[in-house]
Amino acid sequence: MAASTSTETVRPGARGPLPVAAVHVPASSLRGDLRAIKIVWKRELIRFSKDKLRMITSLVQPFLFLFVLGTGLSRLASAGTHGVDLRTFVYPGVLCMAVLFTAMFSAASLVWDREFGFLREMMVAPVRRSSLVLGKCFGGATVACFQGIIVLCLAGLVGVPYAPVLILEIFVLQLILAFTITAFGVMVAARIKQIQSFMAVTQMVMMPMYFLSGAIFPVSGLPQWLTILNRLDPMTYAVDPMRRLVFNHLRISAAARRALDPGVTWWGWHVPTLLEAGVVAAIGMVCLGVAIVEFSGRE
Amino acid sequence: MNEQATGGGAVALATSAAAASISVHGLTKRYGEVEAVRGIDFEVAPGEIFGFLGPNGAGKSTTISMLCTLVKPSSGSATVAGFDVNRQRDAVRRNIGLVFQDTTLDTYLTAEQNMRLHAELYGVERDLVEPRMRQVLEMVGLWDRRHSAVATFSGGMKRRLEIARGLMHSPRVLFLDEPTVGLDPQTRSSIWTYIQELKAAEDITIFLTTHYMDEAEYCQRIAIMDKGVIVVLDTPDALKASVGHDRVTLETDDDNAAIAAIAEHFQITAQVSQGAVIFGVASGEHFVPRLFAELGVPIRSVSVARPSLDDVFMSYTGTTIRDAEASASEQRRAATAAFRRSR
């Protein structure tokens, strides 16, 4: 603020409501880029808050998985879960799913923006493209996190306690996941011009990502091909630590713990929770970098 | 400003560019084999309303895109508000306002939210956002509607909002690409009223493209563009005068006899078009009395018309703007396809 008041941003005699409140656009600056990031972020929130239908529809899938599939299959699976409710087991995966779908949908809005012309308004602005991409990713991440919080509120219904530490840990983890997925979506959206194609591509990517991630099965003792695919899936490294956090707060038998929360291994080595979170964040940063390069190269 | 003074030649260039608001030299754009703009030169003075007139596909939008730094020229140079469009892109962008053919508003947001978003992207000083927004929204008559979602706006209101938004950061040059295309005649004329009020109220250069002949009349100078080149550039009056003749339309009892008599007495070649005898003559109103005195064929009616910009377009390109559009549409499709591929 100090910088703005000292520069000559008003032409002499231009004060007063009429005839001209002439403004002068300052040269590019960090402050200008921060303002750009903030307004792009804010726009995502405004749009999300106006779209009540989207809030509800994006919860349908998590609900189906949690209560329909979870309840229905629990009768079949009761032998294998060592007394743990199947819904409790799938809950971390469902949480990740809510974040996944919302973040991807936020990224899709970039393709809409292109179709409806608004992207052009942003692209001609005298700010760095990286600010626009960052604002978009932060916006998508915030919106996805908000969706995650709604699912978080359901924890009590599936036997997960409302422990403040747990909620905080899960929140941080889903924030990282949300950012990474949005960055991935933005990276894809930079290349795709039609919303139909984007939806087709994301469907093709999201469902395998979800099913391979171990959201609905434990990741140990799988056939080798599935183990390889599972370890390559970025979602794995979000679902696994989230499940561990949840199970840390449950009172269950050691056998159940071993069977349901075996942890991800690389060639027999147990990947620690922090590294898993780091893998997710690193993938996000790479996607972000590619997205920035793609948008900066555009005229 | 220190960006400009980088050497003797650059200083000289900057000085001449400072005099002109827009200065273009040999500007060319190729998309593959298609040459959309073929080496054009022109200058626009500060405070001028300058129009590019031509059929769709003539290269107007490509030119505007190059001047706005949205498309890189294949060759040639251009400065806008004193800044080079190739080397000082951000400086150009800070000093121009843009209104595109297609809407670029976020229709989910309200008018005010769109304006504020623009102000933030352009770094408009916070204290000035409110007064400036009020001023430009009042100018286009949308201040009372600022809390409405843009989705509820009519086509004309959206265009007005875009003009207001383009002015939000007090640009020195405002680019309007087909500002009235797709609007009804009443809205079109009100858009022109706003543009002229704007011209009176602010120190701004306006560069616009249009393919409506009647709208080109509002410009102080017009460049007629056809097939990627500027065929002529002058004031509307001078252009019309340059056609050199008024159009006289006669209804007679015997058209063939009248044509023969006109050829014999005045050495003018007339022709029959839509049941009337038509010919061009330097000063129509002085010619009519002689016509009555000397023709010898009964005349039922006579009318004299000043040349319109349609006649101007016809005389410089050898075709009417409608025919030019029809033939250009094929070429345009090729150019658009090439443009898509190049992205």
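The values are calculated or read from the model by the stated rules, or taken from the named source; none is laboratory data. Everything numeric here is computed off the predicted structure, so don't read it as measured data. Because the Cβ atoms are built from the backbone with ideal geometry, glycine has one as well, and the counts that use them run over all protein chains shown.
Please give the helices (runs of 4 or more DSSP H) falling wholly within region A:123-233 in which 1 or more residues are in contact (Cβ under 8 Å) with a residue 60 or more places away in the chain.
Ranges flagged: A:129-153, A:164-191, A:195-212.
Are there any strands (runs of 3 or more DSSP E) wholly within region B:184-302 with 3 or more residues that are surrounded by fewer than 20 Cβ atoms within 10 Å (Cβ to Cβ) and of a type outside the set (Ser, Thr, Tyr), and if so which? Walk me through how you get there before you give the answer.
On the way: elements: B:205-210, B:221-226, B:229-234, B:246-252, B:271-273, B:276-281.
Strands (runs of 3 or more DSSP E) meeting the threshold: B:229-234, B:276-281.
Provide a single number: the residues in region A:250-275 that are without any contact (Cβ under 8 Å) to a residue 40 or more places away in the chain and either of a type in the set (D, E, K, R) or surrounded by fewer than 17 Cβ atoms within 10 Å (Cβ to Cβ) (or both).
Matching residues across region A:250-275 total 12.
Would you tally the residues in region A:126-145 being closer than 23 Å to A:Leu274 by Cα and surrounded by fewer than 24 Cβ atoms within 10 Å (Cβ to Cβ)?
3
When region B:185-213 is examined, which residues are found to be basic (Lys, Arg) and closer than 23 Å to B:Leu233 by Cα?
Once the filter is applied, which keeps residues that are basic (Lys, Arg) and closer than 23 Å to B:Leu233 by Cα, region B:185-213 yields only B:Lys199.
Can you find even one residue in region B:59-67 that is closer than 16 Å to B:Gly166 by Cα, more than 11 Å from chain A (Cβ to nearest Cβ) and in contact with a Leu (Cβ under 9 Å, 6 or more places away or on another chain)?
yes
Tally the residues that are in contact with a strand residue (DSSP E or B) (Cβ under 8 Å, 6 or more places away or on another chain) and within 13 Å of chain A (Cβ to nearest Cβ), restricting the search to region B:149-164.
Within region B:149-164, residues that are in contact with a strand residue (DSSP E or B) (Cβ under 8 Å, 6 or more places away or on another chain) and within 13 Å of chain A (Cβ to nearest Cβ) number 4.
Among residues belonging to region A:50-67 that are more than 10 Å from chain B (Cβ to nearest Cβ) and of a type outside the set (A, V, I, L, M, F, W, C), point out the one that is surrounded by the fewest Cβ atoms within 10 Å (Cβ to Cβ). Walk me through it before giving the result.
Looking only at region A:50-67, we keep the residues that are more than 10 Å from chain B (Cβ to nearest Cβ), and these are A:52-67.
Filter once more, so that each one left must be of a type outside the set (A, V, I, L, M, F, W, C): A:52, A:54, A:57-58, A:61-62.
Working: A:Lys52: 9, A:Arg54: 16, A:Thr57: 12, A:Ser58: 20, A:Gln61: 15, A:Pro62: 26.
The qualifying residue surrounded by the fewest Cβ atoms within 10 Å (Cβ to Cβ) is A:Lys52.
Only one of these conditions is not met by A:Val111: (1) surrounded by fewer than 17 Cβ atoms within 10 Å (Cβ to Cβ); (2) touching a Phe, Trp or Tyr at 6+ places or on another chain (Cβ under 6 Å). Which number is it?
Only one criterion is unmet by A:Val111, namely (1).
In the set B:Ser23, B:Ser61, which member is surrounded by fewer than 23 Cβ atoms within 10 Å (Cβ to Cβ), assigned to a strand (DSSP E or B) and either modelled with pLDDT under 90 or in the same structural domain as B:Tyr122 (by TED's automatic domain parsing) (or both)?
One residue alone meets the criteria, B:Ser23.
Kindly check whether there is at least one residue in region B:1-13 that is within 14 Å of another protein chain (Cβ to nearest Cβ) and at pLDDT 80 or above.
Within region B:1-13, none of the residues are within 14 Å of another protein chain (Cβ to nearest Cβ) and at pLDDT 80 or above.
For residues that are among the charged types (D, E, K, R) and touching a residue at least 40 places away in the same chain (Cβ under 8 Å), scanning just region A:47-81, find the one that is nearest to B:Ala111 (Cα to Cα). I'd like the intermediate steps shown before the answer.
In the first step, residues of region A:47-81 are kept if they are among the charged types (D, E, K, R); the result is A:47, A:50-52, A:54, A:75.
Retained after the next criterion (residues that are touching a residue at least 40 places away in the same chain (Cβ under 8 Å)): A:47, A:54.
Numbers: A:Arg47: 14, A:Arg54: 23 Å.
Among those residues, the one meeting the criterion is A:Arg47.
Among the listed residues B:Leu117, B:Leu137, B:Leu128, identify the single one that is over 15 Å from B:Ile49 (Cβ atoms), out of contact with any Asp or Glu (no Cβ under 6 Å at 6 or more places or on another chain) and more than 10 Å from chain A (Cβ to nearest Cβ).
After ruling out the rest, the residue left standing is B:Leu137.
Among the acidic types (Asp, Glu) and within 30 Å of B:Ala58 (Cβ to Cβ): does that describe B:Glu125?
So B:Glu125 fails the test.
From (1) over 17 Å from the mean Cα position of the chain (by Cα); (2) farther than 24 Å from A:Leu64 by Cβ; (3) surrounded by 13 or more Cβ atoms within 10 Å (Cβ to Cβ); (4) touching a residue at least 60 places away in the same chain (Cβ under 8 Å), pick out the condition that doesn't hold for A:Leu245.
(2) is the only condition that A:Leu245 fails.
In region B:88-101, which residue that is within 7 Å of chain A (Cβ to nearest Cβ) and in contact with a helix residue (DSSP H, G or I) (Cβ under 8 Å, 6 or more places away or on another chain) is surrounded by the most Cβ atoms within 10 Å (Cβ to Cβ)?
B:Leu98
Can you tell me which residue among B:Pro55, B:Pro46, B:Pro73 is within 14 Å of chain A (Cβ to nearest Cβ) and in a loop (DSSP other than H, G, I, E, B)?
None of the other options fit; the residue is B:Pro73.
Pairs please, first residue from region A:23-42 and within 8 Å of chain B (Cβ to nearest Cβ) and closer than 12 Å to A:Phe138 by Cβ, second anywhere and hydroxyl-bearing (Ser, Thr, Tyr) and assigned to a helix (DSSP H, G or I), Cβ atoms under 7 Å, 6+ apart in sequence or on different chains.
Close Cβ pairs (under 7 Å, with a partner that is hydroxyl-bearing (Ser, Thr, Tyr) and assigned to a helix (DSSP H, G or I)) amount to A:Ala36/A:Ser131.
For A:Gly117, only one of the following conditions fails: (1) in contact with a Cys (Cβ under 7 Å, 6 or more places away or on another chain); (2) at positive phi. What is its number?
(1)
Is it fair to say A:Ser74 is part of a helix (DSSP H, G or I) and at pLDDT 85 or above? Quick ask: steps written out before the conclusion?
On the way: part of a helix (DSSP H, G or I): yes; at pLDDT 85 or above: no.
Taking the combined requirement at face value, the residue does not satisfy it.
Of the residues that make up region B:161-173, is at least one in a helix (DSSP H, G or I) and surrounded by fewer than 19 Cβ atoms within 10 Å (Cβ to Cβ)? Let's see the steps before the verdict.
The first filter runs over region B:161-173 and keeps only residues in a helix (DSSP H, G or I), leaving B:161-167.
Those still in the list that are surrounded by fewer than 19 Cβ atoms within 10 Å (Cβ to Cβ) too: none.
Within region B:161-173, none of the residues are in a helix (DSSP H, G or I) and surrounded by fewer than 19 Cβ atoms within 10 Å (Cβ to Cβ).
Please verify whether B:Glu112 is within 11 Å of another protein chain (Cβ to nearest Cβ) and in a helix (DSSP H, G or I), treating the condition exactly as stated.
Criteria not met by B:Glu112.
Just wondering, is there one or more residues in region B:177-188 that are more than 21 Å from A:Val25 (Cα to Cα) and at the interface with chain A (Cβ under 8 Å from one of its Cβ atoms)?
Among the residues of region B:177-188, not one is more than 21 Å from A:Val25 (Cα to Cα) and at the interface with chain A (Cβ under 8 Å from one of its Cβ atoms), which makes the answer no.
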